[in-house]
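What follows is a set of notes on a single structure, which appears directly below.
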Amino acid sequence: MLALELAVADGPATPVANEVASRSLRQIVWARLRRDKLAMICLLTLIFLYLLAIFAPLICDLLGVDPYSFDKESISDSGGGPVGPWGGISTEHPLGVEWGTGRDIFAQLLYGLRISLLIATTATILTVCFGTVLGIVSGYARGKTDAVIGRIMDLILAFPFLLIILALSGVLTQRLTQLGVPDGNPSRILYLIIVLSIFGWPYLARIVRGQVLSVREREFVESSVAMGASRFRILFKEILPNLWAPILVYATLTLPTYIGTEAALSFLGVGVLPPDTSFGGMLGNSVSYFSVVPSYLFIPGTVLVVLVVTFNLVGDAVRDALDPRAGRV
Amino acid sequence: MSQSVEPAAGEPALRVSDLRTYFPVRSKGLFPKTIGQVKAVDGLSFEVFPGETLGLVGESGCGKSTTGRSVLRLIEPTSGRIEFEGVDVTGLSSKEMVPVRRKAAMIFQDPYNALNPRHTVGAIISAPFAVQGVKPPGGVKAAVQELMERVGLNPEHYNRYPAEFSGGQRQRIGIARAVALRPKFIVCDEPVSALDVSIQAQVINLLRDLQDEFGIAYLFVAHDLAVVRQISNRVAVMYLGQVMELATREDLYARPLHPYTHALLSAIPVPDPRAQKQREHIMLSGDLPSPAAPPTGCVFHTRCFQAQDICAVEKPALVEPTTGHQVACHFPILEFLGTKGILGPDPGLTPQAGGSLTGAAAGSNDLIREIGTDYGVGPDTPIDPGPSIWR
């Protein structure tokens, strides 16, 4: 919704008398979303999850848990397995404890959610920025600029994405450290954000470019040229407001993909290092103990599924609200 | 009624000399080559004086709109000279053009496409102020609301979106935007052809009122001769990117010289069905030739009922047989000077007019009659008695 606010930000406040009669795109979409019960439930769930992530340290303090401290009491002396059923669920540890260390799973889950959402959200914002700007420029300039940007996109899309990320992680995180990013997890998180955005923008840029090719032929663009508007004004004030629908839909559908990709990368060992963790890390750890303590897999797995599904449903709902005629497939 | 302006009065608001706009035709493939040119506008020269309307008519694809856009350099002309109030703007960079664009504006054909659907009316009409950095006395909002009132819109609808207006209202929004900076010159690209006939008259009256009030010069592009007759002081008839005839409105409609103008005028429907039936229709044979490969000599000779051998060889120059009446034709229909009204039956429009005829032209006249009959408007069409209940 933030994005749409930008689109209609100019112009003074609406007089009260006209409020019902003249509604901006944002108001229309919001009214349609409000009527969609499933979308509202999903939206509230998402807000709840984001709040959990943002206030993770506060919540952990309140519950008296923290993701780093070992609790020898809660694990057995012999094998290091959690004491009690379902991975040691107790009043002290609401979702159980980790095998071997006794670290609290609930606290890890909140901090993991924090890292996953941080990476996915930032990467999505960067993807949208790169993709939109390059797509608009490419579609409006056409000719040589379009050809150069187009070939760069082809090149990136042709890369074996996962292999490159795995292969380059060591070198590039080191390079980031040399550039002054703190060693360890900050540089690894930054690395993930960078590679996700770099490999993600061409998809959006292609969508945006296609839209620009049709929007630029409309006469209001020509009328801007005729009044002497700058290139910047034409691109970002005249054309961009007509592109929010595809951009918004793409963003809401990309974010869950990034959460999943980040989990996969962490599972493969490119993500954050212990003692910090993310969904992928927790799922990775759970593999060794799955037959004994299945809750290690199910707890982060469930949250991950809920997160991705709600995001996808919200994305679908936004698309439907923007274009009610399209219908769901 | 707009005052008639003498063509000699002072400096023209716009002077165009030998304007040419060619579009390259490129071959497909990895390394496209220019393999030809579409000559959309091919050597136009005309002037528009302050407070005057120059109508530009012609059939689809004759380069009317391209001319309008080339004049404002929305399409880059290939060659020629464009002067606004004596200042040559042909070589100016897009930055240098910005102050020039304050003096010239454009009104578009399609009121649905010409307004950004994501901007409010207030934002659309105030855009020229924002773009040109003009701060009207009393503030932008007051200026915009004054403009809205001037063009007949409710100023309280300042915050509405274009989708909430009808076609005619949207065209008024486009007009308000065009006159916002009090330009000296406006290109009207078929401003009423997308509107209902009843709305057309309102919009034309509005354009005329604004012209009287601000002394704006219009280049009025249209294919509808009746509309052009309504608003223009002078009219230029275009065919395949070239001016065939340019005259004052009275002259052109009463005493057309060019065969093509005759053909166009004979296509105007007449409200009286009896007169309509008795009129001679000139149906041009064949299609509009491709502007990528225009005919040699006179571009119109392939379809002209007056054409003779010289027409295919030598291009007729634009001459001025009577004052202020220019025509580009080897065999202008001079016999009718001062004798014919346009809308009545016109027996003179027969091939004998221009002297001896080639067989092709005579044949084409037979075709005219045939097609005319097909359309039910030929001279020999039997009267349909109508349903039997009326008999």
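A few notes on this one:
- Pairs meeting the criteria (first residue in region B:305-320 and in the same structural domain as B:ALA263 (by TED's automatic domain parsing), second residue part of a loop (DSSP other than H, G, I, E, B) and small (Gly, Ala, Ser), beta carbons under 6 Å, at least 6 apart or on different chains) are B:CYS311/B:GLY297; B:ALA312/B:GLY297; B:VAL313/B:GLY297; B:GLU314/B:GLY297; B:LYS315/B:GLY297; B:PRO316/B:ALA328; B:LEU318/B:ALA328.
- Filtered residue count, region B:65-115, keeping only those that are out of contact with any strand residue (DSSP E or B) (no Cβ under 7 Å at 6 or more places or on another chain), over 23 Å from B:ALA222 (Cα atoms), hydrophobic (A, V, I, L, M, F, W, C) and not in a helix (DSSP H, G or I): 2
- All of (1) over 18 Å from the mean Cα position of the chain (by Cα); (2) at positive phi hold for B:LEU240 with one exception: (1).
- The set of residues in region A:185-222 that are surrounded by fewer than 21 Cβ atoms within 10 Å (Cβ to Cβ), away from chain B (no Cβ under 14 Å), over 16 Å from the mean Cα position of the chain (by Cα) and under 24 Å from A:THR124 (Cβ atoms) comprises A:ASN185, A:PRO186, A:SER187, A:ARG206, A:ILE207, A:GLY210.
- Residue tally, condition at the interface with chain A (Cβ under 8 Å from one of its Cβ atoms) and within 17 Å of B:ARG170 (Cα to Cα), over region B:75-123: 15
- Taken as a whole, region A:45-67 holds at least one residue that is in contact with a His (Cβ under 8 Å, 6 or more places away or on another chain), touching a residue at least 12 places away in the same chain (Cβ under 8 Å) and farther than 20 Å from A:VAL309 by Cβ.
- Selection count, region B:16-51, where residues are part of a loop (DSSP other than H, G, I, E, B), closer than 24 Å to B:VAL235 by Cα and either free of Cβ contacts under 8 Å to residues at least 12 places away in the same chain or in contact with a Lys or Arg (Cβ under 8 Å, 6 or more places away or on another chain) (or both): 1
- Taking (1) under 24 Å from B:ALA201 (Cα atoms); (2) in contact with a helix residue (DSSP H, G or I) (Cβ under 9 Å, 6 or more places away or on another chain) in turn, B:ILE82 satisfies each apart from (1).
- B:ILE186 being surrounded by 24 or more Cβ atoms within 10 Å (Cβ to Cβ), under 22 Å from B:VAL121 (Cα atoms) and either among the hydrophobic types (A, V, I, L, M, F, W, C) or in contact with a Gly (Cβ under 8 Å, 6 or more places away or on another chain) (or both): yes
- Residue match in region B:163-171 (condition: assigned by TED's automatic domain parsing to the domain that holds B:ASP110 and under 28 Å from B:ARG15 (Cα atoms)): yes
- Count of residues meeting criterion [touching a Lys or Arg at 6+ places or on another chain (Cβ under 8 Å) and either surrounded by fewer than 20 Cβ atoms within 10 Å (Cβ to Cβ) or not hydrophobic (A, V, I, L, M, F, W, C) (or both)] in region A:223-244: 5
- If you go through region B:183-223 and keep only what is of a type in the set (Asp, Glu) and outside any helix (DSSP H, G or I), you end up with B:ASP189, B:GLU190, B:ASP196.
- Single unsatisfied condition, B:PRO162 versus (1) more than 7 Å from chain A (Cβ to nearest Cβ); (2) over 16 Å from A:SER224 (Cβ atoms): (2)
- Count of residues meeting criterion [at pLDDT 90 or above, more than 23 Å from B:SER70 (Cβ to Cβ) and within 13 Å of the chain's Cα centre (by Cα)] in region B:210-228: 0
- Filter result for A:TYR250 (within 22 Å of A:PHE311 (Cα to Cα), more than 14 Å from chain B (Cβ to nearest Cβ), of a type in the set (Ser, Thr, Tyr) and touching a residue at least 40 places away in the same chain (Cβ under 8 Å)): yes
- Every residue from region B:291-303 that is farther than 14 Å from B:GLU59 by Cβ and out of contact with any Gly (no Cβ under 9 Å at 6 or more places or on another chain): B:PRO295, B:THR296, B:GLY297, B:CYS298, B:HIS301
- Looking across region A:20-38 at every residue that is at the interface with chain B (Cβ under 9 Å from one of its Cβ atoms) and modelled with pLDDT under 65, the one that is farthest from A:LEU322 (Cα to Cα) is identified as A:ALA21.
- Filtering region B:224-271 to residues that are in contact with a strand residue (DSSP E or B) (Cβ under 6 Å, 6 or more places away or on another chain), in a helix (DSSP H, G or I) and acidic (Asp, Glu) leaves only B:ASP251.
- Restricting attention to region B:163-182, the residues that are surrounded by fewer than 22 Cβ atoms within 10 Å (Cβ to Cβ) and in a helix (DSSP H, G or I) total 5.
- Residue check, B:LYS135 charged (D, E, K, R), more than 7 Å from chain A (Cβ to nearest Cβ) and assigned to a loop (DSSP other than H, G, I, E, B): yes
- Summed over region A:276-288, residues that are farther than 11 Å from A:GLY112 by Cα and not hydrophobic (A, V, I, L, M, F, W, C) total 4.
- Scanning region B:116-132 for residues that are of a type in the set (S, T, N, Q) and not in a helix (DSSP H, G or I), we see that the one that is farthest from the chain's Cα centre (by Cα) is B:THR120.
- The set of residues in region B:202-247 being out of contact with any Gly (no Cβ under 9 Å at 6 or more places or on another chain) and more than 23 Å from B:PRO183 (Cα to Cα) consists of B:ASP224, B:ALA226, B:GLU245.
- Out of A:GLY139, A:GLY135, A:GLY131, A:GLY87, sole residue that is assigned to a helix (DSSP H, G or I), crowded, with 18+ Cβ neighbours inside 10 Å and at pLDDT below 80: A:GLY87
- Selection status of A:ALA3, at pLDDT below 75 and either closer than 21 Å to A:LEU253 by Cβ or buried (at least 18 other Cβ atoms within 10 Å of the Cβ) (or both): yes
- Answer residue from region B:98-149, given it is in contact with a Pro (Cβ under 6 Å, 6 or more places away or on another chain) and of a type in the set (A, V, I, L, M, F, W, C) and is nearest to B:LYS184 (Cα to Cα) among those: B:ALA104
The values are calculated or read from the model by the stated rules, or taken from the named source; none is laboratory data. Just so it is clear, the model here is predicted, and its values are computed rather than measured. Cβ atoms come from the backbone with ideal geometry, glycine included; neighbour counts cover every protein chain shown.
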